[in-house]
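The values are calculated or read from the model by the stated rules, or taken from the named source; none is laboratory data. All values derive from a computational prediction rather than experimental measurement. Backbone-built Cβ (ideal geometry, glycine too); neighbour counts: all protein chains shown. Side chains are part of the model used for accessible areas, which takes the heavy atoms of the whole protein and leaves out ligands, DNA and RNA. Shrake-Rupley method; radii C 1.70, N 1.55, O 1.52, S 1.80 Å.
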Amino acid sequence: MVNIIDGHNIADKLNIETKNRVDELKKKGILPGIVVILIGENPASVLYTRMKQQTAAKMGMHSVLKKFPEDVSQDEVLAAIQEYNEDPTVNAILVQLPLPKHLNQTEIIEAIDPKKDVDGFNSSNVGKLYNNEKGNYPVSCTSRGIMTLLHAYLDQLEGKNVTIIGRSILVSRPLQSLLINENATVTMVSLHTDNIDYYTKHADILVVAAGKPNLIKKEQVKPGATVIDVGINKINKHLVGDVDFDDVKEVAGFITPVPGGVGPMTIATLMQQTVDLTEWSLID
Ligand code: NAD
């Protein structure tokens, strides 16, 4: 029988832990602070940034939503980031992606102080993850959230065959590094891969991050596999994942629903990493 991976439940538990850590810091006179920067009016970005800012506020953190119009200049964004880099009340800076086309995303991400880079996209933090460095540094919140889900349901990842569909720098590649660092065997497939089914059918863990609604069907999944659906697609005002949930749940051992799987973990991990950055700033 299939087991549904309950992202809300795991996220709620993580949020309780994080809130306790916030309360402990506050007793010492320290208030974790996060700034979420939203540029333009992309409806999904407006929704995500509001959820992130509200969750941080609910946890009792110092939480700021900084909005810029769609036509903001590169220099204005860089100046704001510089200001937050120097602001001691801010421990975490998140720039909601994607950015309007006229902006240079790489330059903006690189401008964030690596010690406040709560999404872990700055090349210095990406490099540490890639090199499997020990020590304290942030990583992609969605990827770390997926690792938390996997650890909640599976005994160990060592030796597991994992196939990731998609090779984005925001989710798939950091997840690849996190899995390799735990001795999983990771294959990444993309639109450029021939015979994708070969790789999906061999996977003990199948992660789908393609952004294509209902892409994966039960014939492509190994019986008993763990299936993690990262995709968020809107069809007729409903959210669906990249996995045909009703079909694939007939063969999967564990499966995440959409919504209610990876999504809540992304926000809970963002909160966790904001507190991580705050605590790390005290020991550096
Ligand atoms: P992306 O959109 O940047 O890239 C998609 C990748 O999938 C590419 O590498 C492409 O080659 C591959 N791909 C697309 N169609 C394919 C196909 N038919 N077969 C094989 N490979 C295919 O990737 P992303 O930023 O990781 O986003 C992927 C999805 O995850 C999107 O739906 C996005 O909205 C969602 N997402 C969800 C969360 C969350 O918190 N749940 C976070 C980030 C992204």
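Quick look at the values:
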read-out	value
Selection from the range 50-77 of residues that are in contact (Cβ under 8 Å) with a residue 12 or more places away in the chain and farther than 14 Å from Met271 by Cβ	Arg50, Val64, Leu65, Lys66, Lys67, Phe68, Pro69, Glu70, Asp71, Val72, Gln74, Val77
Test result for Thr274, near the ligand (Cβ under 8 Å from one of its atoms) and in contact with a helix residue (DSSP H, G or I) (Cβ under 9 Å, 6 or more places away or on another chain)	no
Filter result (within 19 Å of Gly224 (Cα to Cα) and either free of Cβ contacts under 8 Å to residues at least 24 places away in the same chain or crowded, with 16+ Cβ neighbours inside 10 Å (or both)) within the range 157-172	Leu157, Lys160, Asn161, Val162, Thr163, Ile164, Ile165
Hey, Gly7 buried (at least 16 other Cβ atoms within 10 Å of the Cβ) and touching a His at 6+ places or on another chain (Cβ under 8 Å) or not	no
Residues of the range 37-93 satisfying the condition of being open to solvent by less than 20 Å² (accessible area, probe 1.4 Å) and of a type in the set (Ser, Thr, Tyr)	Ser45, Thr49
Residue list for the range 256-275, restricted to those being surrounded by fewer than 24 Cβ atoms within 10 Å (Cβ to Cβ) and not in a helix (DSSP H, G or I)	Pro257, Val258, Pro259, Gly260
Extreme residue, farthest from Asp246 (Cα to Cα), among residues of the range 173-206 that are open to solvent by less than 10 Å² (accessible area, probe 1.4 Å) and within 10 Å of the ligand (Cβ to nearest atom)	Leu175
Qualifying residues in the range 229-255 (those that are open to solvent by 30 Å² or more (accessible area, probe 1.4 Å), β-branched (Val, Ile, Thr) and more than 9 Å from the ligand (Cβ to nearest atom)) - the one nearest to Asp12 (Cα to Cα)	Val240
